[in-house]
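Since the structure comes first, as structure tokens, the remarks are kept for the end.
The values are calculated or read from the model by the stated rules, or taken from the named source; none is laboratory data. Computed from a predicted structure; not experimentally measured. FYI the Cβ positions are ideal-geometry reconstructions off the backbone, even for glycines, and counts take in every protein chain you see.
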Amino acid sequence: MTFGERLKQSRNRKQMTQEQVAQKIGIDFTTISKYENDRSQPDNEVLQKLAQLYGVSIDWLLVGSLNEPGDKKKINRLIIDGEPEELTADEAGHLKDSLEMYRLLKEKRSKEAKN
């Protein structure tokens, strides 16, 4: 898998458009398209922003490395009622996305309650 393919896969996993990503990191959406089609490479600052936005490591984006704090073995294990439960990569990704959405909604409700 190429850098561009990993970038596109990460964006799709977050269910974001190229326009949304570009807006969040402050670049033109056509630049995202060039990255995803392996016609251009981001500078270090943009690469860091992309990795952070997608919740992946820079190493994984660049070379597909799983040698990171959140490697596949750690991500794909969930403990339910004290028992470990093995997850597929899709299940782990879905749970991570759901947790992120829950946290955002919780933060929004907290802010609304303060107003």
Among the listed residues GLN15, GLN20, GLN9, identify the single one that is in a helix (DSSP H, G or I) and under 24 Å from ALA89 (Cα atoms). GLN9
For a quick check of your reading: which helices (runs of 4 or more DSSP H) sit entirely within the stretch 32-90 and have at least 2 residues that are modelled with pLDDT under 90 and surrounded by 15 or more Cβ atoms within 10 Å (Cβ to Cβ)? 58-63
Among the residues of the stretch 12-27, write down those that are of a type in the set (D, E, K, R) and either at pLDDT 95 or above or on the phi > 0 side of the Ramachandran plot (or both). GLU19, LYS24
